[in-house]
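Each reported figure results from applying straightforward, stated rules to the coordinates on display, with no laboratory input. Quick caveat: nothing in here was measured; it's all calculated off a predicted structure. So basically every Cβ, Gly included, is an ideal-geometry build from the backbone, and we count neighbours across all protein chains shown.
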């Protein structure tokens, strides 16, 4: 091993060790939001994750859980992601070492990727993106090694490892295919130019590539055994396997099953804004410099342009197919994770830029030690600044919001109930707590969306003890079909157990309303037979302090699942008051005034208990005051009700001046103020 190779290994090892030392203490100890809960549960149960299945991630996570039995499954899987992230940064460092030699540029490439907000943030939780980062980095490293290979034996060996890496990478994240489609022709062209491409070598490369897909065998095996209490799809048939691999249930080459389309320019601009905000302008300048200076260096010209082509092809294709509304913060958070694949290329180019700049200055001006020291100072200063900037947001070691959200929901549900989950937040958090932590084994979790797939009842129905499915699947649009059932039929066949919907019910099937009512129970809804009598005062008392939740309002980033969980918990405080108000709107007589009074009492109690709360609370309290006044004010002072209504309408307009109903609210405030003035004037004139 040469001195340069030894220095490269030492520098890479030091980078991995430093990143791991930074990452491990920041890892989240509990279940995160988003897909993480489902991925961890899948590993716990040895089931199949959502399309395309992620078999490699599932098996690795399960292995880590077995190796670290003293940690919770969530902590083990999250820790695995952090170590994979550290390894990815090391591979980026080694890539620059291979192309430009060991030095500050190599550390900049690995360190920059490590402490950038997105990479750091997603290395703290169990997600497939960190494993994808590792395969992207390995692809860069193998490409650089192949380019630097000195003889036929080295090129053959590296190309076969690269083919295996491509196959394994596609067992995790299919977006890697856009890099693979660019790098394969380049490798074949290089082999051909060296007269090393033959039918035999093509076949052996193809075999190595296909060997990388071996983890996919896990999917039909898991599906056939059907022992997992949570699993997605039926892969026991070829059509079922292809449906899963091609993400047909989501929409092949699309992020979600939606008709929304986003302008290509808008998506590319959002990605550029991310690069400027999270990587910084100096880094982009260094990346451009790296591409420019590498173009004049015949030793790595083709590789730098190859990396650039991979990044551009990926960014353009993803911007074209990313069909989520990025104007919504949570969906922007979903989209921006996929920019990590491009960020890795930018970091490598930035590292090359620093290395080439240092080499060029040394060649022209001398004083090599001075320029190298300057490079190290620049690298350490930039990385230290980014650590300082991002540490607070990326440190998830004390974050338990999503797990506490799920725990509170489970604790509020009566014994032996059925919970109809809807959405990633309640579904994945409850699944993890129920299946991995064995919390509330008496309840049964039934996923509303999964019930609409033909495989759900057939594959998972046997694991739902005591739940009766009156057909093969729930079809909200055509519930009267031969093998389908409606929500009303499902509820009617399960009257022996109490049923709760968390969060809400899926659109499209209003049949439940013919025989059942929805009573609010915090975040969830209690689905009760319509004949059961509702006692407003008792229900208000039962739901008054249903959750022990102390997180301040608006205390999390709008793009985070923690923000969604916190907002749900805050809005749950007023669901009963809102329900009573809505119930009163459809009634007449004494019962109407009684419900308005109870709604007003609850709203006022909630608002006065907090100094910072959701803006819609002011509007709701103002409406409750106005309705109570119109229904006879039930012994309350009309003056105080008018004052309360105008005050909270005005507060609402201050917080939400762009509300579509703002003009109507201002008109109502004017009218209420006039009514109060008239009332006070009448009181003064009365002897």
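Data for the structure
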| quantity | calculated |
| --- | --- |
| Cα-based convex hull, region 407-543, per residue volume (Å³, whole number) | 105 |
| Förster-model FRET efficiency, 22 Å R0, residue 177 and residue 211, C-beta, rounded to 0.05 | 0.80 |
| Crossing angle, helix 104-115 versus the chain [Cα axis fit, 0-90 degrees, rounded to tens] | 20 |
| Rg/Rg_globular for region 589-687, with Rg_globular taken as 2.2 N^0.38 Å and Rg from C-alpha atoms | 1.11 |
| Region 471-565: C-alpha gyration tensor shape, a/c 1.5 cut-off, then a/b vs b/c | oblate |
| Sites residue 332 and residue 439 - FRET efficiency at Förster radius 25 Å, r taken between beta-carbons, to 0.05 | 0.20 |
| Extent along principal axes [Cα atoms of the chain; Å; largest to smallest] | 105, 62, 46 |
| Packing-based ranking, highest mean first, of 123-129, 501-507, 512-518 given that Cβ atoms within 10 Å are counted | 123-129, 501-507, 512-518 |
| As computed over region 331-390, the Cα convex hull volume per residue (Å³) | 76 |
| Additional length obtainable on full extension of the chain from residue 411 to residue 203, 0.36 nm per residue less Cα span | 69.1 nm |
| Folded to 0 to 90 degrees: helix 73-100 orientation relative to the chain principal axis, Cα | 30 |
| Pair residue 397, residue 295: separation of 7 Å Cα→Cβ label points (nm) | 4.6 |
| Computed E for residue 674/residue 604 - FRET, C-beta separation, R0 22 angstrom, nearest 0.05 | 0.40 |
| Label-point gap, in nm, between residue 362 and residue 221 - each point 7 angstrom along Cα→Cβ | 5.0 |
| Point-to-point label distance, residue 630-residue 654, nm (Cα→Cβ direction, 7 Å offset) | 2.6 |
| Stretchable slack from residue 567 to residue 640, in nm (0.36 nm times residue separation minus alpha-carbon distance) | 23.3 nm |
| Volume in Å³ per residue [convex hull over Cα atoms, computed for region 268-424] | 158 |
| Residue order, fewest to most surrounding Cβ atoms within 10 angstrom, among 604, 678 | 678, 604 |
| Crossing angle, helix 561-572 versus the chain [Cα axis fit, 0-90 degrees, rounded to tens] | 0 |
| Residue order, fewest to most beta carbons within 10 Å, for 227, 615 | 227, 615 |
| Relative frequency of Cα-Cα separations exceeding 25 Å in region 160-273, percent | 44 |
| Highest average packing first - 110-122, 374-386, 559-571, 275-287, Cβ atoms within 10 Å | 110-122, 559-571, 275-287, 374-386 |
| Values of log10 I(q)/I(0), in the order q = 0.24, 0.29 Å⁻¹, for region 3-65 under a Debye, Cα-only, solvent-free model | -0.95, -1.13 |
| Three semi-axes of the equivalent ellipsoid, region 1-116, Cα gyration tensor, whole Å, largest first | 32, 14, 13 |
